[in-house]
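Asks: Below is a structure I'd like to ask you about.
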Amino acid sequence: NLLLKLINAKNTLEIGVYTGYSLLSTALTLPAAGKILALDINRANYEIGLPIIEKAGVAHKIDFREGPALPLLDQMVEDAKFHGSFDFIFVDADKDNYLNYHKRLIDLVKIGGVIGYDNTLWNGSLVAPADAPLRKYVRYYRDFVLELNKALAADPRVEICQLPVGYGITLCRRIS
């Protein structure tokens, strides 16, 4: 919430909503006219948290879209009116597409805006030896998260800060 206040966020995008906890937090922080474009492949999960969002009086700020995010992001990237239109973007979705998301989101976030990627320390697996016993899904996504982290560190368009909270959050502030 504080981060959104510090950057004076008004227009945000969330990829991977699940039951809407971070969505609710964002909606509560945004000003009355603030907007969130919320993308998720499963509307049923979103609807679990929707009664709480409605009770909080912030449902009007949310434009929920069900389906894969990449096709919609591709449409937005092709339409110049969306370039630099988001103050804040939060990604907590399919880790194997994080880098694909970044390639598109960098055009959609404004200069000075922030993109947050969740789970960028991926259960601590990124520093585990190659032969470490890992759960199957952790091992599967590990290389995708490593690839994202390397790409973000080398991307001259952003300055990054990786926070060791939970499974890691990387904040990218677009600088060019």
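The values are calculated or read from the model by the stated rules, or taken from the named source; none is laboratory data. Remember, predicted model here, so these are calculated numbers, not experimental data. Positions of Cβ are backbone-derived with ideal geometry, glycine not excepted, and every protein chain shown enters the neighbour counts. Side chains included, ligands, DNA and RNA excluded: accessible areas come from the protein's heavy atoms. Shrake-Rupley method; radii C 1.70, N 1.55, O 1.52, S 1.80 Å.
Asks: For segment 163-169, take each phi angle, set θ = phi - 60°, evaluate the Karplus expression 6.51 cos²θ - 1.76 cosθ + 1.60, and give the result in whole Hz per residue in order, putting x for glycine and proline.
Replies: My calculation for segment 163-169 gives 9, x, 10, x, 9, x, 10 Hz in order.
Asks: Divide by every residue of the chain the summed helix terms, -39500 (n - 2.57) for each DSSP H run of at least 4, and state the resulting mean residue ellipticity at 222 nm, rounded to the nearest 500 deg cm²/dmol.
Replies: Details: 6 runs with 67 residues, N = 176.
That comes out to -11500 deg cm²/dmol.
Asks: How far apart, in nm, are the 7 Å Cα→Cβ label points at residue 128 and residue 157?
Replies: Here the modelled spin labels are 3.3 nm apart.
Asks: Hey, which of these cross-link pairs are over 28 Å Cα-Cα: 10/95; 61/136; 55/81; 10/136; 10/103; 55/103? It would help to have the intermediate numbers written out before the result.
Replies: On the way: 10/95 26 Å; 61/136 38 Å; 55/81 33 Å; 10/136 39 Å; 10/103 22 Å; 55/103 36 Å.
With Cα atoms farther than 28 Å apart: 61/136; 55/81; 10/136; 55/103.
Asks: Same structure, new question: For a paramagnetic label modelled at 7 Å from the Cα of residue 33 toward its Cβ, which residues of segment 2-16 fall within the zone defined by backbone nitrogen distances under 12 Å?
Replies: 10-11
Asks: Something else about it: Taking the Cα of residue 143, stepping 7 Å toward and past its beta carbon, and measuring to each backbone N in segment 80-121: which are under 13 Å?
Replies: In segment 80-121, the label zone of residue 143 (backbone N under 13 Å from the point 7 Å along Cα→Cβ) covers 96.
Asks: Leaving out ligands and nucleic acids, and using a 1.4 Å probe, what accessible area per residue does the chain come to in Å²?
Replies: Values: 9150 Å² over 176 residues.
Accessible area per residue, the chain: 52 Å².
Asks: Net charge within 13 Å of residue 137 by Cβ-Cβ distance, Lys/Arg positive one each and Asp/Glu negative one each, not counting residue 137 itself? Kindly include the intermediate steps, with their values, before the conclusion.
Replies: On the way: positive: 95, 135, 136, 139, 142; negative: 94, 96, 143.
Surrounding charge for residue 137 is +2.
Asks: While we're looking at this one, here's another question. Tell me the net charge near residue 39. Cut-off is 10 Å between Cβ atoms, residue 39 excluded, with +1 for each Lys or Arg and -1 for each Asp or Glu.
Replies: Numbers: positive: 65; negative: 14, 40, 63, 66.
Around residue 39, the charge tally is -3.
Asks: Which residues does the label zone of residue 21 cover in segment 29-63, counting backbone N under 16 Å from a point 7 Å along Cα→Cβ?
Replies: 45-50, 52-53, by backbone N distance to the label point.
Asks: Still on this structure, I have one more. Let me make sure I get this right: for segment 13-158, a, b and c are the square roots of the gyration tensor eigenvalues over alpha carbons, sorted descending. Under 1.5 in a/c it's rounded, otherwise prolate if a/b > b/c, else oblate. Which is it? Intermediate values should be presented prior to the final figure.
Replies: On the way: a/c = 2.06, a/b = 1.36, b/c = 1.52.
Oblate is the answer for segment 13-158, as a/c is 1.5 or above yet b/c matches or exceeds a/b.
Asks: Can I ask one more? Around residue 11, which amide H atoms from residues at least 5 apart in sequence, or from another chain, sit under 5 Å from its own amide H, with H modelled in the peptide plane?
Replies: Amide H to amide H, under 5 Å and 5 or more residues apart or across chains, residue 11 pairs with 35, 87, 88.
Asks: Could I ask something else about it? In whole angstrom, note down how far apart the Cα centers of segment 83-107 and segment 125-176 are.
Replies: Cα centroid of segment 83-107 versus Cα centroid of segment 125-176: 14 Å apart.
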